[in-house]
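Below is one structure; the comments refer to it alone.
The values are calculated or read from the model by the stated rules, or taken from the named source; none is laboratory data. Computed from a predicted structure; not experimentally measured. FYI the Cβ positions are ideal-geometry reconstructions off the backbone, even for glycines, and counts take in every protein chain you see.
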Amino acid sequence: MSETAPSIEYGPEVGSRQTSHLQLFQDVVNAQPNATALIAKHQSPRAFRWVGSQHVDKDYVQWTYADLDRGARRLATALNRLTHIERRPIAALINNQVEWALLYWASAYLHSPFVPINPKIATRTEEINHMLDLVSPVVVITADLTIAGQLEQSLSEKLMSSIAVRMTLSTAGAETTNPWNLLSGVMSGDPTPPDTPDVVAADDTIVILFTSGTTSLPKPCALTSFQCLNAALGYMDSQKINSSHRFVQHLPGFHSYGIGWSLGLWLKGGLIIYPSESFEAQATLECFDQLKATHMGLVPTTAQAILAHPSFAKTDLSTLVSVDISGAGVLPSLVDSCTAALKVPSTTSYGMTESPGTATWGVDEGSVLREGEVMSGRPVRNAVMKICEPGTRNVVPRGDFGELHNGGPQVIPHYMDSRVSQKDFYQDDEGIRWIITGDQAVMDVDGAVRITGRYKDMIIRGGENISPASIEDYLSKKEDVFTAYVVGAPDDMAGEVPIAVITTVDDREANLSELKQDVTRDLGAAFAPKMILHLKKDLGLDAYPSTASGKIRKVELAKVVREYLKAQQEAGLDKSGSTIDSLIGIWKMISGTDGLLPSTLIESFADSLMMMQLSGMVKKELDRDITVEDFKLCETIQSQADLIESRPLKSAVVAKPMREGPPTIHDMPHAHDQPEVFERTQTAVTGLIAPLGMKWEDVEDVIPLPDWDTIFCYRSRPSSWNLRFSYNAPVDASALEGAVKASLEYHPTMRSMALEQDGETLLVTVRSSEEWFKASITTGWAVQTKEDVNTLLLDDPVYDNASAPGPLVRFHIARVLSDGTSGLVLIASHSVNDMSMTKIWLEDIVNLLTGEGTVGHHAQFKDYATAFFDHRDGLEADNGISYWAQKHQGISLLPESTYWPAQRAAEWFKGVDAGWSRWNGGKARRGERSVAQSEKIKAQKGIRRMVKVDDILKLKAEHNVPVFMLVKAAIAIMNISKTGAKEAIFGTINAARTWPFSSDYSALEREAYTGNPLDISGCTTEYVLDRIPVGTSKSLLAFMQQVTKDEEQNSAFAHTPFFRIVDRLRDPISADDTRTFAERERDADSILPLIRRQSFNWLPTAPTAQNPKGLRFQEMLTRMDNGLTITGFLADDKRSVALSFSWDAEHLSFAEAERALDEVVAFVDKMGKEENWGASVADLLRM
């Protein structure tokens, strides 16, 4: 077969698909009734005299096939006498014991599905109620009364009362509330079995198993007689099992792997040996010495336990023929160890609850290792396997990696629970049932399959796919390492990094630094774990989280690791030593590198992403504000430490002295030192604040607002340009009130009013006082639950708005009666608040509530606004005017169809619009905005989607396209798909966190404006209008690069005064400007409405990202006077994007918005894949 053959392989067609397992079992019973079928070393035969076995003189149970069959039919008779079974399920929470075998075959005789459940689940209330509610068993059997009592505590009263027969195998344990029949008591009556009923059909459900997956609630899988038979005989075929073989059954009886081996041995006339109730290495080894066992199935944990057991070296394993090692995490090193120590072939098999016994590696195929990797096997009888492109059904060539699909009669058609997703099941044109497994796999030329990992387990570090298995296998081969598992942990810069969790041989001390260095040397830097943790010493665990079948629950392990890392982070850095010691500690936290010295070269272990983290951590931990560029000039850790010591403490930098009293004429830039302007301002401000009981002496500053903050003060409805946040606080209402009041000292714009004078909108900040608190803070409210905070004073005409003249920020504090916590509703005008400012304030609230940090004054918004005002007519602003005027010249000449969404009503408002008026001051006409308010509220809350960007970091690293430019390009393409135009026109929101027009500053101004603009407490947001030409013949990569370049130019002129742009468009731009007066007027008047029609806002972090020790985010309502806001941010996994739409329901229906968002998401998905970058925009529109 050529290497280009497709990755699809069929198992042999064997036997009739109309045969049932019970039919074959009866054939074996009739053929060899006196052959031994079952031995239980840990159980006495005296409790089972009712079975009628002749082997009652032994110390343990030993039954022939006739005994097992007779006992099963007698048990079926007894159960049916207790209640009419009527093919209803029989559930059992028991261990590895002979009763399991009796119940398995008794259920078959009763034509009832057998539902074996892990006894440990009895205490897991949610799981056990979920499972039993789905299957509705008529009989429930427990191993003892302890488990029975646990069930009584866990199950709902309704569910417990629905169980017709409750039975236990032992009276050991506490008393129970309900009566439970003892099995031996039930079987003390007439032992005569009934006539054998009709044999079950091949397509009858005989077993219901629940997935033992590592996430979510278990999902029920109904397996038919033929499905179980096919899987069981698949195992037997590969191992050449016959009637002389003896299998040590220490695998759990509630997993398809263990059930398959038991059924297979019985159908072949072999012997099943139960060594103990659950796996014990000593008991398993005794089966070889005492009972001459020939086979056993292992998972990695049981294999390691057996090889490490003290009795292993003394055990006579001469009768052992082969072992099957299966389950997730079978590493080459483990196969090598088993083969060497057991001196027999070590094979593997593969299956899943939804598709049991799908592939095996035959015992006569030679080593299961190929080129150092563990093969998973070939399809068993009647099964088929194929490898497809992830997320598709397109088969890849052999040798290519892809996603494994299992097919054949062994695949269930769907889960029994209709509430869970069935999207991974499908049937092809040939009638073959398939399941998409989620496993990454590759098929060799000869059809053998190797599973390389779970797609969800892949770690993407800086854009590179890291397979945990390769690191696990490497570490497991190290001398002192016993086991190793690798999980991903979030990283601010790299997206995700591997963390290894190991156990060591005899709890030895392993040199973790050397281990990481070895991985780096042999596998590459990307594969080096950021940290190597010891399971017991670091995480405090005696064993890895695992399923009953031994599968490691990596989701739970990753959660434990994240909690450990979080605790380490919260514990902070040990700063008691020297600067160099602290810096080495910081570098260890960032890079996970041990053994760092002062002389260590930075380039030997750090990358540019880590340098960005360093700047932030040095500011946080060492109180020095040093740029990445300055750190990059240092060659060694010592030189970085010297740089840090040369800089003053950030907290030691002398803050500007706070002025006493109200502002003077020289403190008001808009007054231009003109006494008459100052006096008019003083009079106007005094009149503004007098109703609040305040005087001129209470005023702190009067500041001319920048253009967009002025626009945000404009009021076309009571809640124009408002943001409403709802929070829950883990303190009582009085403590929350105290923190809010204290925070206002550090945030002047949160105690402000606004007024208009001489064409300028002025921000008036007042000093904290009881009068101001009374005006802006309300208390005494009470709600029942924290969720009720979301509706506190909602749409109240007075309290639920913070528009000009003010207060521009309002706080409403409530007691939460259900749990004693408190709630806060924050309503703020966008003129003084944006998301960056909110984040700064929330950090202060954390420190005020917890006392864990100090609160200091921030960079002053007054300085920002003054710089904007003083230089709005300067050279840098002039350059911006020229840029934007040229860009927007003639924009009004475009047809209305160029813009999206289409305007269907007057104005653009998100949310409730009661009391609205036109932007130009004109009155609203009745019926102009007629969509129901309920629809507007629904549209205001919006919709969100998540989309993975496969090659997100490669796009930036190799092509300098950041992810938000990919999203912006996708939005542009969505626009032209709606309009058919050649350009996309929409607004873009810029955080503008830089000092405005800094190139024009004097030396004194440069000295004055030294604060970090990221720390400005106030709104610096600017909107710009994008005009993006979209050439459909251009490649997607070239288009994204075009959008990126355009954004760089836009950002350079983001501070350009908006009102000056509008005024400039009213005049001829150049001698070549042929626009008429009317056209120039229309250009000028169209800019703001076009920005308001549709805007894109990329957030640096999720709006919900905040410290849970402070205010816990619940809901945000944005009341922007916009038609559509498209918001995006990078998700926590650093490779997915969250996109949301919120809109004015007058112009878009909910269905239209959903379709448009889905279109953007689809574009982002396709544009994020390197394989599509060469395709054209036109190709994308056809995909």
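When every residue of the range 69-86 is checked against the conditions, none turns out to be at pLDDT 90 or above, closer than 21 Å to F210 by Cα and outside any loop (DSSP other than H, G, I, E, B). Within the range 493-505, if we keep just the residues that are touching a helix residue (DSSP H, G or I) at 6+ places or on another chain (Cβ under 6 Å) and not in a strand (DSSP E or B), the residue that is modelled with the lowest pLDDT turns out to be M493. Residues in the range 419-455 that are within 24 Å of the chain's Cα centre (by Cα), more than 22 Å from M375 (Cβ to Cβ) and either buried (at least 16 other Cβ atoms within 10 Å of the Cβ) or of a type outside the set (D, E) (or both): R419, V420, S421, Q422, K423, F425. Screening the candidates A484, A441 for the property of being within 30 Å of Q517 (Cβ to Cβ), touching a strand residue (DSSP E or B) at 6+ places or on another chain (Cβ under 6 Å) and among the aliphatic types (A, V, I, L, M) yields one hit, A484.
Is it true that some residue in the range 891-902 is surrounded by fewer than 19 Cβ atoms within 10 Å (Cβ to Cβ) and more than 30 Å from D1072 (Cα to Cα)? Yes: the range 891-902 contains one or more residues that are surrounded by fewer than 19 Cβ atoms within 10 Å (Cβ to Cβ) and more than 30 Å from D1072 (Cα to Cα). Restricting A932, A939, A981 to those that are more than 34 Å from the chain's Cα centre (by Cα), more than 25 Å from Q1041 (Cβ to Cβ) and among the aliphatic types (A, V, I, L, M) reduces the list to A932.
Give the residue, chosen from F288, F247, that is at pLDDT 95 or above and not assigned by TED's automatic domain parsing to the domain that holds F114. Please lay out each step first, then the result.
Details: F247 fails: not assigned by TED's automatic domain parsing to the domain that holds F114.
None of the other options fit; the residue is F288.
Could you check the range 890-911 and list, in sequence order, the residues that are under 22 Å from I711 (Cβ atoms), assigned to a loop (DSSP other than H, G, I, E, B) and touching a Leu at 6+ places or on another chain (Cβ under 9 Å)?
Taking the range 890-911 first, the residues under 22 Å from I711 (Cβ atoms) are 891-892, 899, 901, 903, 905-911.
Okay, now just the ones that are also assigned to a loop (DSSP other than H, G, I, E, B), so 899, 901, 903, 905-911.
If the condition is that a residue be under 22 Å from I711 (Cβ atoms), assigned to a loop (DSSP other than H, G, I, E, B) and touching a Leu at 6+ places or on another chain (Cβ under 9 Å), then Y899, P901, W908, K910, G911 are the ones that fit.
The one condition from (1) out of contact with any strand residue (DSSP E or B) (no Cβ under 6 Å at 6 or more places or on another chain); (2) closer than 17 Å to K240 by Cα; (3) modelled with pLDDT of 90 or more that T360 does not meet is (1).
For the range 804-853, name all the residues that are in contact with a Lys or Arg (Cβ under 8 Å, 6 or more places away or on another chain), of a type in the set (S, T, N, Q) and surrounded by fewer than 24 Cβ atoms within 10 Å (Cβ to Cβ). Hits for the range 804-853 are S818, T821, S836, T850. Contact annotation: residue pairs with Cβ atoms under 7 Å, 6 or more positions apart or on different chains, pairing a residue in the range 820-839 that is of a type in the set (D, E) with a partner that is surrounded by 24 or more Cβ atoms within 10 Å (Cβ to Cβ) and at pLDDT below 95, are D834/C1019; D834/T1020. The sole residue among F986, F964 that is in the same structural domain as A1138 (by TED's automatic domain parsing), in contact with a Phe, Trp or Tyr (Cβ under 8 Å, 6 or more places away or on another chain) and not in a strand (DSSP E or B) is F964.
Does S112 meet the test of being assigned to a loop (DSSP other than H, G, I, E, B) and surrounded by 24 or more Cβ atoms within 10 Å (Cβ to Cβ)? Give the steps one after another, and end with the answer.
Numbers: assigned to a loop (DSSP other than H, G, I, E, B): yes; surrounded by 24 or more Cβ atoms within 10 Å (Cβ to Cβ): yes.
Yes: the conditions hold for S112.
Of all the numbered requirements in (1) among the aliphatic types (A, V, I, L, M); (2) closer than 14 Å to I827 by Cα; (3) assigned to a helix (DSSP H, G or I), L723 misses one, and that requirement is (3).
Applying the criterion of being in contact with a Phe, Trp or Tyr (Cβ under 9 Å, 6 or more places away or on another chain) and assigned to a loop (DSSP other than H, G, I, E, B) to the residues of the range 694-717, the residue that is surrounded by the fewest Cβ atoms within 10 Å (Cβ to Cβ) is Y714.
Restricting attention to the range 551-598, the residues being outside any helix (DSSP H, G or I), among the polar types (S, T, N, Q) and either exposed (fewer than 15 other Cβ atoms within 10 Å of the Cβ) or modelled with pLDDT of 70 or more (or both) number 2. What tally of residues in the range 991-1047 results from selecting those that are in a loop (DSSP other than H, G, I, E, B), closer than 30 Å to I840 by Cβ and β-branched (V, I, T)? Selection size over the range 991-1047: 4.
Here A877, A885 are screened, and the one residue that is closer than 30 Å to D1000 by Cα, of a type in the set (A, V, I, L, M, F, W, C) and out of contact with any Phe, Trp or Tyr (no Cβ under 8 Å at 6 or more places or on another chain) is A885.
Checking the structure you have, find out if any residue of the range 139-146 is touching a strand residue (DSSP E or B) at 6+ places or on another chain (Cβ under 9 Å), over 30 Å from Q23 (Cα atoms) and either in the same structural domain as V207 (by TED's automatic domain parsing) or modelled with pLDDT under 95 (or both).
Here is the first cut: in the range 139-146, the ones touching a strand residue (DSSP E or B) at 6+ places or on another chain (Cβ under 9 Å) are 139-145.
Subsequent filtering for residues that are over 30 Å from Q23 (Cα atoms) retains 144-145.
Narrowing further to those that are either in the same structural domain as V207 (by TED's automatic domain parsing) or modelled with pLDDT under 95 (or both): 144-145.
Yes: one or more hits.
Scanning the range 755-783 for residues that are in contact with an Asp or Glu (Cβ under 9 Å, 6 or more places away or on another chain) and not in a helix (DSSP H, G or I) yields a count of 11. Scanning the range 327-353 for residues that are within 19 Å of A293 (Cα to Cα) and in contact (Cβ under 8 Å) with a residue 40 or more places away in the chain gives C338, T347. Pairs are defined by a Cβ separation below 8 Å, a sequence spacing of at least 6 or placement on different chains, a first member in the range 676-691 that is under 28 Å from K774 (Cβ atoms), and a second member that is among the small types (G, A, S) and assigned to a helix (DSSP H, G or I); the pairs so defined are T681/A671.
Among the residues of the range 1137-1165, those identified as outside any strand (DSSP E or B) and of a type in the set (G, A, S) are A1145, S1149, A1151, A1153, A1156, A1162. So is G15 surrounded by 14 or more Cβ atoms within 10 Å (Cβ to Cβ), not assigned by TED's automatic domain parsing to the domain that holds L267 and not polar (S, T, N, Q) or not? For G15, the condition - surrounded by 14 or more Cβ atoms within 10 Å (Cβ to Cβ), not assigned by TED's automatic domain parsing to the domain that holds L267 and not polar (S, T, N, Q) - is met.
Number of residues in the range 848-877 that are touching a helix residue (DSSP H, G or I) at 6+ places or on another chain (Cβ under 9 Å) and part of a helix (DSSP H, G or I): the value is 15. The single condition from (1) in contact with a strand residue (DSSP E or B) (Cβ under 8 Å, 6 or more places away or on another chain); (2) surrounded by 13 or more Cβ atoms within 10 Å (Cβ to Cβ); (3) not acidic (D, E) that K923 fails is (2). Restricting attention to the range 250-260, does a residue exist that is crowded, with 23+ Cβ neighbours inside 10 Å, part of a loop (DSSP other than H, G, I, E, B) and in contact with a His (Cβ under 8 Å, 6 or more places away or on another chain)? No, that holds for no residue.
Counting the residues of the range 1035-1061 that are of a type in the set (G, A, S) and touching a strand residue (DSSP E or B) at 6+ places or on another chain (Cβ under 7 Å) gives 3.
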